[in-house]
Amino acid sequence: MFLFILFSALVLCGCAQYSSDQCSWTGSGLTHESHARDVEQVYLRCAEGSLEWLYPTGAVIVNLRPNLPSSAHLHACVKPRTDSRGATLYVERAGELRLLLSEAEQAAGLVRCFSLQEGALFVEASARRDISRRITAFQYQLISTQTPGDESYSPAAPCRPCADDELLMALCTSDFAVRGSIHHVEEEEDDEGQASVVVSLSHVYRQKSRMFVSSGGGRGRGRWTGRVKMPQRCGPRAGQGEFLFTGAVRFGEAWLGCAPLYKDFIRLYRSAQVAGTNPCHIDTD
């Protein structure tokens with residue numbers, strides 16, 4: 001459902017005091033003491049950052065303008081702090097609002113994504129007389145849907161096998177590429193049908209932010225464990241065999257992208273190796 005708001009009822013303000021850099025913004029609704037319906041314009045130009053709005057009143061329009069040639073394939077994902085209170089998040093375009101995160105959904109820690117082509121992020125303070133002890137706060141990250149596996153972060157992402165060229169490119173460009181099996185699956189009822197897949201790994205080819213931990217072994221070998229998130233409807237379960245898991249790290253969590261059976265992947269990889277078409281190489285010994 002789309003909501004509509006008349007911006008003429010609000011007062012655009014460019015004089016409010018706040019702390020901002022290219023990535024993050026911190027402000028206070030106390031600067032709106034005489035104009036409770038002020039709207040502030042904020043411009044952020046990084047791939048990730050945060051917003052913290054103390055004592056929210058009025059509204060803040062967050063324009064995500066990354067320093068990139070094109071934003072046609074960029075999505076913004078927003079992860080609120082679980083103590084975030086006092087405002088509702090919308091996507092705004094030409095005065096028309098689409099609900100992104102309610103206060104209750106923020107308290108549940110739900111993540112929502114939207115295309116930058118849809119518009120800006122509109123953060124509207126709730127109508128309350130008492131604004132004490134209320135802080136609206138969230139992190140954001142920009143993702144490119146042109147990168148294999150990045151679209152899997154969206155709760156609405158389809159479960160589909162990756163094409164051969166996607167598999168080979170995912171090995172090179174993903175935040176992690178690991179070999180192993182599913183140990184067990186933990187459903188997360190409060191996370192919109194997402195599952196936390198506990199994996200047992202025999203080899204770690206690449207990882208960002210140390211998502212997978214080892215008791216030793218060195219050079220990527222040994223006993224490694226970790227968690228990978230994916231939609232429950234994709235049917236993850238233990239005992240399905242050995243996989244090559246690839247994907248992206250979002251807000252400190254590993255999200256599954258392409259995950260072929262390892263025997264299928266290694267057959268594809270070696271065929272491409274013979275043909276000289278591999279975009280990158282790994283140690284397959």
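Among the residues of this structure, ARG98 counts as one that is more than 30 Å from PHE243 (Cβ to Cβ), modelled with pLDDT of 85 or more and in a strand (DSSP E or B).
Restricting to region 85-99, and then to whatever is more than 21 Å from the chain's Cα centre (by Cα) and on the phi < 0 side of the Ramachandran plot, can you tell me which residue is surrounded by the most Cβ atoms within 10 Å (Cβ to Cβ)?
The residue in question is LEU97.
When the residues of region 38-57 are filtered to those that are outside any strand (DSSP E or B) and among the hydrophobic types (A, V, I, L, M, F, W, C), the one that is farthest from CYS113 (Cα to Cα) is CYS46.
Matching residues to (1) under 12 Å from LEU168 (Cβ atoms); (2) modelled with pLDDT of 90 or more; (3) exposed (fewer than 13 other Cβ atoms within 10 Å of the Cβ):
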residue: GLY220; (1), (2), (3): no, no, no
residue: VAL228; (1), (2), (3): no, yes, no
residue: GLN232; (1), (2), (3): no, no, no
residue: GLY239; (1), (2), (3): no, no, yes
residue: THR246; (1), (2), (3): yes, yes, no
residue: GLU253; (1), (2), (3): no, no, no
residue: TYR262; (1), (2), (3): no, yes, no
residue: HIS281; (1), (2), (3): yes, no, yes
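Are any of the residues in region 89-106 of a type in the set (Phe, Trp, Tyr) and closer than 13 Å to LEU142 by Cα? No, that holds for no residue.
Looking at ALA157, ALA137, just one residue is modelled with pLDDT of 90 or more and either surrounded by 18 or more Cβ atoms within 10 Å (Cβ to Cβ) or part of a strand (DSSP E or B) (or both), and that residue is ALA137. Given the criteria touching a Ser or Thr at 6+ places or on another chain (Cβ under 9 Å), over 19 Å from ALA248 (Cα atoms) and modelled with pLDDT of 90 or more, does ALA104 qualify? In short, no.
Suppose we filter LEU168, LEU201 for residues that are crowded, with 16+ Cβ neighbours inside 10 Å and either modelled with pLDDT under 90 or outside any helix (DSSP H, G or I) (or both); which single one remains? Selected residue: LEU201, the only one of LEU168, LEU201 that is crowded, with 16+ Cβ neighbours inside 10 Å and either modelled with pLDDT under 90 or outside any helix (DSSP H, G or I) (or both).
The values are calculated or read from the model by the stated rules, or taken from the named source; none is laboratory data. It should be emphasised that the depicted structure is a prediction, and the values quoted were computed from it without experimental measurement. Here the Cβ is made from the backbone with ideal geometry for all residues, glycine too, and neighbour counts use every protein chain on show.
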